[in-house]
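Trainee: Once you've had a glance at the structure underneath, I'll fire off some questions.
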Amino acid sequence: MLVCGLLLTGGLYAALAPAQADTSQDEAALVKEGRELFLVGCAFCHGQNGEGVLTQGGSQYGPALTDVGAAAVDFQVGTGRMPMAQPGSQAPRKEVVYTDEETAALSAYVASLGTGPAIPDAELYSTEGMSEKEIEELVVRGGQIFLANCTACHNFEGSGGAMPRGGYAPKIRGVDSKHIYEAMLTGPQSMDTFSDGNIPPEDKKAVIAYLNELDEAPSYSGFTLGSLGPVSEGIIAWVGGIGLLVGFAVWIAAHTTRSSKKKDEAAA
Amino acid sequence: MSVDVSKVATTNGTTPATAKGGKAAGAIANWADERLGLGTAMKKNIRKVFPDHWSFMLGEIALWSFVVVLLTGVFLTLWFDPSMTEIQYDGAYDPLRGVHMSSAYASSLDISFDVRGGLLMRQMHHWGAMIFIASMMIHMLRVYLTGAFRKPRELNWIIGCLLLLLGTIEGFTGYSLPDDLLSGTGVRAADGFMKASPVVGSYMSFFLFGGEFPGDAIIPRFYAMHILLIPGLLLALVAAHMLLLVYHKHTQWPGPGRTEQNVVGYPMLPVYAAKAGGFFFIVFGTIAVMGGLFSINAVWKYGPYDPSKVTAGSQPDWYMGWPDGLLRIIPAWETHIWGITLSWNVMIPILVMPPLMLMILMALPFIESWITGDKREHHLLQRPRNAPTRTAIMVALMTFYGLSWAAGGNDIIAIKLHLSINQITYFMRGAVFIGPVIAFIITRRWCISLQRHDEGKLLHGYETGVLVRSPEGGYAEKHLPLPQGQAYTLTARDDDPTPETVEEIDASGATGRTARLRKLRAKLATVFFADNVQKPTAEELHDAQHHAEHELHELESQIAAGPNRHGPADH
C-alpha cells in the first residue's frame with residue numbers, strides 16, 4: 001500500500017513534469033544550484049550523491065535520499081530540522097537555515113535523484129474557496145481522523161508526546177498547513193507515512209482544517225495549562241489550590257479574636 | 001434559724017418567664033426552643049472550645065471542598081444523562097456536530113456549551129474534587145506527624161483512611177462518567193486491572209460491565225455509585241468523623257496552661273463559627289476562581305470514547321497517579337502456568353500495592369502503640385521532631401508515594417525536561433526502593449538534630465546576635481536564657497519510655513511465643529527510640545539558669561564598660 005502510494009505520487013510527478021516544457025530549463029538550473037548547496041550542507045551525512053552514509057557499526061549516519069522526494073526535503077529543510085546541528089535521536093525543529101529559494105533548489109535536486117512525493121500544491125491543504133458549511137463538515141471529519149490516527153503520539157490537542165529513548169512526537173500546533181501535509185505524506189523520523197492510499201488527500205486536508213480550527217477557536221474553559229491532560233491539572237490543584245488554601249489557613253489562624261491590633265495590644 | 005426569702009418567688013406564676021429584648025429574633029428562637037429543646041442541646045456545644053493553629057484547618061479545607069463538590073454535583077445531575085445510548089450530536093460545539101456518541105458524552109458537551117454556567121460548574125466540581133482529596137491527604141499528614149492519631153483517636157484515624165479510599169473511588173467514577181476518550185481509556189484500564197486478577201478476573205469484569213467491555217451498562221452503574229452510594233457513605237463517615245472529633249475534643253499544642261485535661265482556644269460562638277464559616281467562603285471562592293480561570297478536563301477536545309483510539313498524555317487524575325506510575329515502571333513480568341497467565345506486572349502495582357498501602361496506613365497507630373507500649377490517652381500534640389522514627393516513617397512513605405507519582409507522569413516529564421522516557425523509568429525502578437531508605441535516614445537524623453538544637457536552647461539559651469571580643473582577642477556570641485513560656489513549651493513533653501531489655505524478659509520467666517514477641521517488641525522499641533534526645537532534667541535546667549544569670553551579669557558589665565573599655569558613654 002505504502003509503496004503503491006509512493007509510486008503513484010512519484011509516477012504522477014514524473015508524468016506531469018515534462019508537461020511543463022517551458023520550465024524545464026529553469027528546472028535544470030535549479031537542480032544544479034541545489035546540487036551545489038547539497039554538496040556543501042548535506043553531503044557530509046547523506047553522501048555526495050544522496051546515497052546515504054553508514055557508520056562503522058553499520059547503522060545509518062545519514063539515510064539515503066534517493067527516493068524521498070521533494071516533499072520530504074521541503075519539510076525537513078523548511079522547518080529547520082535539516083541540516084541538523086549534531087547527530088542525535090531526533091532532529092529538533094529549529095530556526096530555518098536556508099532561504100525559500102535555496103530550499104526549492106535543494107528539493108528539486110533531491111527529487112531528481114529518484115522517485116518520491118512532490119511538494120503538495122496549496123489547493124490540497126487550503127480551505128480557500130470553500131463555504132462555511134463545507135469547512136465545518138471538513139473540521140468534524142478531520143477531528144475524527146485526527147483522534148484515530150494522530151493523538152496516540154501527538155496528544156489530543158497536538159501538544160506533543162514522548163517516544164522511546166529520548167524521542168518525541170513534536171507539538172504540531174501553529175505549524176504551516178503545507179508542512180503538516182508533507183509530514184503526513186513523507187513520515188519524517190519515527191512518524192508513520194500516511195500515504196494517499198492510507199489517508200486520501202481530502203482527509204489530509206480535513207485533519208489540517210481541524211488543527212487550524214483548534215488554533216483559531218477560543219479557549220472556552222480558561223487557561224489550558226499546556227493542554228497536557230491531568231498531569232498539569234494535578235500540579236495546579238496542589239501548587240495553586242492547596243497552596244493558596246493552606247496560605248489562607250495560616251492567615252486565619254494568625255489572626256486573633258480582636259478586630260484591631262490596637263485593642264489587642266491594650267489587652268496584652 | 002432565719003432564712004432569707006427575699007430572692008425567692010412568692011408565687012408560682014401562670015406565665016413563663018420570657019427573654020427580654022431581641023424581639024422578633026428572640027421570639028422565633030424561643031418558639032423553636034420550646035418545641036425542639038434547642039437551648040439545652042446547644043448550651044453545651046455553643047461555647048465548645050477549639051484550639052487555634054493553622055494546621056488544624058487542613059481538615060476543614062477537605063470538609064468545605066466536599067460541600068462545594070456536593071453543591072456543584074447536584075447542579076450537574078440536573079443535566080447529565082447517564083446513558084450509553086448512541087446518538088448524533090447536534091449541540092453548540094461545531095467540531096463535533098454530527099458525530100455519533102453516547103448520551104452521557106453529549107450531555108457533558110451540553111453542560112459545557114449549552115447550559116448557562118454549566119462549564120463553570122463542571123470545572124468547579126472537578127477542581128473541588130481534586131482539592132477535596134488533596135486536602136484529606138495533607139490533613140492526614142498533619143494528624144500523623146503530630147501524633148494526633150494516638151489513643152483515643154485511632155478509630156477516627158481509620159475512618160479518615162476510609163474517607164481517603166472512598167474519595168479516590170468517587171473521583172475515579174466521576175472521571176469515567178463523561179464518556180470521553182480519556183474517561184473511556186481509564187475505564188478500559190480498570191477493566192484490564194480486574195482481568196489481571198487470577199481466575200476470577202474475567203468473571204469480575206463481566207459482572208461489572210454486564211458483559212464484554214464496554215457494553216452499555218457501565219456508565220449508569222458508575223452514576224449510581226457516584227451520586228448515591230459513595231456520597232452517602234462519604235457523608236455518613238464525615239458525620240462520624242466529626243462526631244468523634246467533638247466527643248474526643250480537639251488536640252492542642254503543649255504550652256503554658258495547656259494540659260491533657262483541658263482545651264485552650266476560642267469558643268465555637270462567636271469566634272470559631274466565624275473563622276470556620278469564613279473559611280468556607282474562602283474555599284468556595286478559591287474553587288470558583290479556579291473553575292473560572294483554569295481549564296480542567298476539556299472533554300470536547302478528547303472526543304467521544306472509542307476503544308480504537310487513544311491519546312498521548314492519557315493519565316488518571318492525580319490521586320490515581322501513583323499506582324499508574326508503578327504500573328509504568330514495573331518490568332513486564334508474567335508467569336504462564338496451567339494455561340493461566342499471571343500478570344505480575346499489573347497485579348503488583350494495581351491489585352497489591354494500593355490495598356497494601358491502605359493497610360499500612362490504617363495499621364500505623366496500632367503498630368506504633370504496640371512497639372512503644374504506650375496505651376495512655378494523648379490530647380497534647382507532639383512536634384514531629386520529638387518522634388523522629390515516626391516522622392521518618394511517614395517521610396519514607398511520602399517519598400515512595402512521590403516517586404511513584406512522578407513516574408506516572410514520566411511521558412510529560414520526558415517531553416518537558418528533554419529526557420528519555422526509558423531513563424526516567426530505569427531511574428524510578430531503583431529510586432522507589434532506595435529513595436525511601438535515604439529519606440528515612442535523613443529525616444530521622446534531622447529530627448534528632450532539631451531535638452539537640454532545642455536542648456541547646458534550653459541549656460545554653462538562645463543566640464542573641466551579640467558578639468563579644470575577649471581580652472585575648474577571641475570572639476564569642478552571647479546566649480541568653482529563653483523566656484519562661486517558651487522554655488515551658490519546649491519541655492512540656494514526656495520522656496520516651498525505656499524499652500525492656502532481653503535480660504529483663506528472661507528474668508521475668510516468660511517463655512515460648514510470649515517471650516519471643518516481647519523480645520521482638522523490645523528490639524523494635526530500642527530502634528524506635530534510639531538516639532532520641534530527652535528533655536533536660538530539673539537539675540540540669542536549674543544549673544543552666546544559674547549559669548545564664550552569671551553570663552548575663554558578665555554581658556551587662558561588658559556592655560557597660562563600652563567597646564574600648566573607656567567606661568560608659570556619657571550622654
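The values are calculated or read from the model by the stated rules, or taken from the named source; none is laboratory data. Treat the numbers as computed from the prediction; the structure is a model and nothing was measured. Cβ coordinates were reconstructed from backbone atoms using ideal geometry, including for glycine residues, and neighbour counts include every protein chain displayed.
Trainee: Taking the stretch A:214-257 as the search range and keeping residues that are hydroxyl-bearing (Ser, Thr, Tyr) and more than 7 Å from chain B (Cβ to nearest Cβ), which one is surrounded by the most Cβ atoms within 10 Å (Cβ to Cβ)?
Mentor: Filtering first and then ranking leaves A:SER232.
Trainee: Every residue in the stretch B:331-343 that is free of Cβ contacts under 8 Å to residues at least 60 places away in the same chain and closer than 18 Å to B:TYR426 by Cα, please. Quick ask: steps written out before the conclusion?
Mentor: Within the stretch B:331-343, the first condition is being free of Cβ contacts under 8 Å to residues at least 60 places away in the same chain, and the residues that meet it are B:332-339, B:341.
B:ALA332, B:TRP333, listed by residue number.
Trainee: Filter the stretch B:64-89 down to residues that are hydrophobic (A, V, I, L, M, F, W, C) and within 12 Å of chain A (Cβ to nearest Cβ), then give me how many there are.
Mentor: Residues in the stretch B:64-89 being hydrophobic (A, V, I, L, M, F, W, C) and within 12 Å of chain A (Cβ to nearest Cβ): 2 in total.
Trainee: Look through the stretch B:193-219, keep the residues that are among the aromatic types (Phe, Trp, Tyr) and touching a residue at least 24 places away in the same chain (Cβ under 8 Å), and return whichever of them is farthest from B:ALA104 (Cα to Cα). I'd like the intermediate steps shown before the answer.
Mentor: First pass over the stretch B:193-219, keeping only residues among the aromatic types (Phe, Trp, Tyr): B:193, B:203, B:206-207, B:209, B:213.
Checking the rest, the ones that are also touching a residue at least 24 places away in the same chain (Cβ under 8 Å) come to B:193, B:213.
Numbers: B:PHE193: 24, B:PHE213: 17 Å.
Applying the filter and picking the extreme gives B:PHE193.
Trainee: What number of residues within the stretch B:409-434 are buried (at least 19 other Cβ atoms within 10 Å of the Cβ), part of a helix (DSSP H, G or I) and in contact with a helix residue (DSSP H, G or I) (Cβ under 7 Å, 6 or more places away or on another chain)?
Mentor: Here the count works out to 9.
This table checks each residue for (1) part of a helix (DSSP H, G or I); (2) in contact (Cβ under 8 Å) with a residue 40 or more places away in the chain; (3) closer than 30 Å to B:HIS379 by Cβ.
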position: B:LYS478; (1), (2), (3): no, yes, no
position: B:GLY485; (1), (2), (3): yes, yes, yes
position: B:ASP494; (1), (2), (3): no, no, yes
position: B:ILE505; (1), (2), (3): yes, no, no
position: B:ARG521; (1), (2), (3): yes, yes, yes
position: B:HIS550; (1), (2), (3): yes, no, no
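Trainee: Report, by residue number, each residue of the stretch B:248-279 that is surrounded by fewer than 16 Cβ atoms within 10 Å (Cβ to Cβ) and farther than 26 Å from B:THR491 by Cβ.
Mentor: B:PRO267, B:LEU269, B:PRO270, B:ALA273, B:ALA274, B:GLY277, B:GLY278
Trainee: Can you spot a residue in the stretch B:510-520 that is exposed (fewer than 15 other Cβ atoms within 10 Å of the Cβ) and of a type in the set (A, V, I, L, M, F, W, C)?
Mentor: Within the stretch B:510-520, one or more residues are exposed (fewer than 15 other Cβ atoms within 10 Å of the Cβ) and of a type in the set (A, V, I, L, M, F, W, C).
Trainee: Ok, one more. Output the number of residues of the stretch A:127-166 satisfying the condition of being more than 8 Å from chain B (Cβ to nearest Cβ), buried (at least 16 other Cβ atoms within 10 Å of the Cβ) and either out of contact with any helix residue (DSSP H, G or I) (no Cβ under 8 Å at 6 or more places or on another chain) or among the polar types (S, T, N, Q) (or both).
Mentor: Number satisfying all stated conditions: 2.
Trainee: So, one more: Restricted to the stretch B:282-295, and to residues that are under 21 Å from the mean Cα position of the chain (by Cα) and more than 7 Å from chain A (Cβ to nearest Cβ), which residue is surrounded by the fewest Cβ atoms within 10 Å (Cβ to Cβ)?
Mentor: B:PHE284
Trainee: Continuing with this model, one more query. Having 3 or more residues that are at pLDDT 90 or above is the bar; report the helices (runs of 4 or more DSSP H) wholly within the stretch B:1-100 that clear it.
Mentor: Ranges flagged: B:58-77.
Trainee: I would also like to ask the following. Condition test on B:THR389, is it among the β-branched types (Val, Ile, Thr), touching a strand residue (DSSP E or B) at 6+ places or on another chain (Cβ under 7 Å) and on the phi < 0 side of the Ramachandran plot?
Mentor: no
Trainee: Right, A:SER112: within 14 Å of chain B (Cβ to nearest Cβ) and surrounded by fewer than 24 Cβ atoms within 10 Å (Cβ to Cβ) or not?
Mentor: no
Trainee: Still on this model: Among B:SER112, B:SER135, which is the only one that is touching a Leu at 6+ places or on another chain (Cβ under 7 Å), crowded, with 23+ Cβ neighbours inside 10 Å and within 22 Å of B:ALA396 (Cα to Cα)?
Mentor: B:SER135
Trainee: Scan the stretch A:44-69 residue by residue and report those that are surrounded by fewer than 17 Cβ atoms within 10 Å (Cβ to Cβ) and either in contact with a Pro (Cβ under 6 Å, 6 or more places away or on another chain) or farther than 16 Å from A:VAL110 by Cα (or both).
Mentor: The answer is A:GLY52, A:LEU54, A:THR55, A:GLN56, A:GLY57, A:GLY58, A:SER59, A:GLN60, A:TYR61.
Trainee: Let me ask another. Pairs needed: first member in the stretch B:296-320, facing chain A (nearest Cβ under 7 Å); second member anywhere, part of a loop (DSSP other than H, G, I, E, B) and of a type in the set (A, V, I, L, M); C-beta distance under 9 Å; at least 6 residues apart or different chains.
Mentor: Close Cβ pairs satisfying both conditions: B:GLY303/B:VAL99; B:GLY313/A:LEU228; B:GLN315/A:LEU228.
Trainee: I'm told B:ASP52 meets every condition in (1) over 30 Å from B:PRO254 (Cα atoms); (2) crowded, with 19+ Cβ neighbours inside 10 Å; (3) within 14 Å of another protein chain (Cβ to nearest Cβ) except one. Can you identify the failing condition by its number?
Mentor: (1)
Trainee: Oh, and also: Looking at (1) at pLDDT 95 or above; (2) within 12 Å of chain A (Cβ to nearest Cβ), which one does B:VAL395 not meet, given that it meets all the others?
Mentor: Single failed check for B:VAL395: (2).
Trainee: Just to verify a result, which residue in the stretch B:522-540, among those that are closer than 14 Å to B:TRP370 by Cβ and touching a helix residue (DSSP H, G or I) at 6+ places or on another chain (Cβ under 6 Å), is surrounded by the most Cβ atoms within 10 Å (Cβ to Cβ)?
Mentor: Applying the filter and picking the extreme gives B:ALA525.
Trainee: Can you tell me which condition B:THR335 does not meet? The list is (1) touching a strand residue (DSSP E or B) at 6+ places or on another chain (Cβ under 7 Å); (2) facing chain A (nearest Cβ under 7 Å); (3) not hydrophobic (A, V, I, L, M, F, W, C), and all the others hold.
Mentor: Here B:THR335 clears every test but (2).
Trainee: In addition: Show the residue pairs meeting these rules: Cβ distance below 7 Å; 6+ apart or different chains; first residue within the stretch B:22-43 and small (Gly, Ala, Ser); second residue assigned to a helix (DSSP H, G or I).
Mentor: Pairs found: B:ALA32/B:LEU38; B:GLY39/B:ASP33.
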